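Report on the structure given below.
The values are calculated or read from the model by the stated rules, or taken from the named source; none is laboratory data. Nothing here was measured: the structure is a model prediction, and the numbers come from that model. Cβ placement follows ideal geometry from the backbone for every residue including glycine, while neighbour counts extend to all protein chains displayed.
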Amino acid sequence: MSQKTRFDLTQADIPSAWYNLNADFPEPLPPPLHPGTQQPMPPEALEAIFPKNLIEQEISAAPWIEIPEPVRAIYALWRPTPLLRAVRLEQALKTPAHIYYKYEGVSPAGSHKVNTAVAQAYYNKIAGTKRLATETGAGQWGASLAFACSLIGLECNIYMVKVSYDQKPYRRMLMHTWGATVHASPSHLTEYGRKLLAEDPQCPGSLGIAISEAIEDTVKTPHTKYSLGSVLNHVCLHQTVIGEETILQMEKAGEEPDVIFGCCGGGSNFAGLVFPFLRKKIKEQKKYRVVGVEPSACPSLTKGELRYDFGDTAETTPLLKMYTLGHKFMPPSIHAGGLRYHGMSPMVSHALKLGLIEAEAYHQTKVFEAATLFARSEGIVPAPESSHAIAAVVREAEKCRDAGQKKVLLFNLSGHGLLDLSSFETYLHGKLQDV
């Protein structure tokens, strides 16, 4: 094949700093509000659940935050990750479009989530934390934090959304292998979990419920802090290593993207790829179209309201200004468990409000159709979450084909689907339904 399809960097190219989009927003990001007073929340109020060093990153307006050398050393286990051109997918679609994808599935945990898991575990360790409590949907975040804690030396207690706990046993086993304790959420271990199970013993759970349980665990257990895998500013910050590497790799490819796609649940993988490109859009007037892609069954960006809402179901978190379906919303049991969240990252929400990005939503049958096409042409089985971005890319590439128009399309393949094969089996047997 004459076309070059892989664009690699060296370990010297691992970014030395995370990029903070908060520094470059044309309008200030609305602050979180105290759940009791409804007034802007002082940073010290967050110290019950987060270490001070991460709170400083959460509220920072500095454009760049240096990556500690111990974190970069762990990143070097899998970073830089490859940028690939999907030539075989282009051929299958008969499109003149050039399709590129940044592949985060090469990490030990199989997804992008380790970029922030390692950082959060490191900052907690140096702050004196002994134990982390967290939630996970599809299990990619839980596996990533279990991996990070095993390297850095922290206990890890995970509340896994019940429907995913049952659907994705191998990802749960992966967490166990790295030494974490995993509970199906809602659980009998917390007061809130027991309340929900008394009301509905068959409750499938949600990320909002699992967050509530993890926070209750945090405030009631000594030497414990809470760790979140998406949504918050410092989480999006840590993921920007993805986009910073991609900018260098696109230069190696000799092209610049016209349209950039990423799936959206809480917003971390989308932010990781696109925030560095939004810097170029704001400061260099680049004309990128940037598209967040979400499930039609949980469409916070396309059908939610932009307002202050709780990040969890039990109303224990700060109020965040975000696109939300309401914190009491119970998402249907779709197979993209990592996208079953009622709200969207405040930074991603702010970018949509300012017109820096746009959003689309897809049904899961269309998503798995695109994912299967990708697997059969490129060879990688993609995670159901990332497959939403693939569905949008396929649609855009087909438009290019029909119009005879060449565009450069870029998306983030934020994880592999090797532990989601039961979902693909459901689709291939015609049992997958749109909800």
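Considering only residues in the range 403-434 that are exposed (fewer than 13 other Cβ atoms within 10 Å of the Cβ) and of a type in the set (Lys, Arg), the one that is farthest from ASN115 (Cα to Cα) turns out to be LYS431. Residues that are closer than 26 Å to VAL71 by Cβ and out of contact with any Leu (no Cβ under 9 Å at 6 or more places or on another chain) number at least 2 in the following helices (runs of 4 or more DSSP H) confined to the range 232-345: 241-253, 268-283.
Here is a list: SER227, SER268, SER300. Which entry is hydroxyl-bearing (Ser, Thr, Tyr) and within 21 Å of TRP78 (Cα to Cα)?
Values: SER227 fails: within 21 Å of TRP78 (Cα to Cα); SER300 fails: within 21 Å of TRP78 (Cα to Cα).
One residue alone meets the criteria, SER268.
When the residues of the range 56-83 are filtered to those that are in a helix (DSSP H, G or I) and in contact (Cβ under 8 Å) with a residue 40 or more places away in the chain, the one that is surrounded by the fewest Cβ atoms within 10 Å (Cβ to Cβ) is PRO70. All of HIS350, HIS363, HIS388 fail the test of being within 29 Å of LEU306 (Cβ to Cβ) and touching a Cys at 6+ places or on another chain (Cβ under 6 Å), apart from HIS388. Residues considered: TYR103, TYR122. Of these, the only one that is within 26 Å of GLY243 (Cα to Cα), over 16 Å from the mean Cα position of the chain (by Cα) and not β-branched (Val, Ile, Thr) is TYR122. Residues that are of a type in the set (S, T, N, Q) and modelled with pLDDT under 95 within the range 12-53 comprise THR37, GLN38, GLN39, listed in sequence order. Just name the residue that is surrounded by the most Cβ atoms within 10 Å (Cβ to Cβ) out of those in the range 99-140 that are over 30 Å from VAL87 (Cα atoms) and among the aromatic types (Phe, Trp, Tyr). Per the criteria, the residue is TYR123.
Candidates are the residues of the range 158-171 that are in contact (Cβ under 8 Å) with a residue 24 or more places away in the chain and surrounded by fewer than 24 Cβ atoms within 10 Å (Cβ to Cβ); the one that is nearest to HIS223 (Cα to Cα) is LYS162.
Per-residue answers, yes or no, for (1) charged (D, E, K, R); (2) within 28 Å of THR317 (Cβ to Cβ):
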site	(1), (2)
PRO346	no, yes
ALA351	no, yes
GLU358	yes, yes
ALA361	no, yes
ALA371	no, no
SER377	no, no
VAL381	no, no
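Determine which member of the set ALA371, ALA361, ALA392, ALA383 is buried (at least 17 other Cβ atoms within 10 Å of the Cβ), among the small types (Gly, Ala, Ser), over 14 Å from TYR101 (Cα atoms) and in contact with a strand residue (DSSP E or B) (Cβ under 6 Å, 6 or more places away or on another chain). Going through ALA371, ALA361, ALA392, ALA383 in turn, just one is buried (at least 17 other Cβ atoms within 10 Å of the Cβ), among the small types (Gly, Ala, Ser), over 14 Å from TYR101 (Cα atoms) and in contact with a strand residue (DSSP E or B) (Cβ under 6 Å, 6 or more places away or on another chain): ALA361. Look at (1) surrounded by fewer than 22 Cβ atoms within 10 Å (Cβ to Cβ); (2) part of a loop (DSSP other than H, G, I, E, B); (3) of a type outside the set (Asp, Glu) and you find that SER150 fails only one, number (2).
Just the residues that are assigned to a loop (DSSP other than H, G, I, E, B), among the polar types (S, T, N, Q) and closer than 28 Å to ASP312 by Cα, please, taken from the range 1-39. If the condition is that a residue be assigned to a loop (DSSP other than H, G, I, E, B), among the polar types (S, T, N, Q) and closer than 28 Å to ASP312 by Cα, then ASN20, THR37, GLN38, GLN39 are the ones that fit. Just so you know, in the range 212-231 the residues that are in a loop (DSSP other than H, G, I, E, B) and over 29 Å from CYS263 (Cα atoms) include one that is farthest from the chain's Cα centre (by Cα), and it is PRO222. Residues of the range 43-55 that are over 18 Å from GLU315 (Cα atoms) and part of a loop (DSSP other than H, G, I, E, B): PRO51 alone. Those residues that are of a type in the set (Phe, Trp, Tyr) and modelled with pLDDT of 95 or more, I need them from the range 147-190; list them, please. Correct list: PHE147, TYR159, TRP178. Checking ILE209, ILE158 one by one, the residue that is outside the structural domain of PRO318 (by TED's automatic domain parsing), not hydroxyl-bearing (Ser, Thr, Tyr) and not in a strand (DSSP E or B) is ILE209 and no other. Residues that are among the hydroxyl-bearing types (Ser, Thr, Tyr) and within 30 Å of GLN405 (Cβ to Cβ) occur in the range 89-97; there is at least one.
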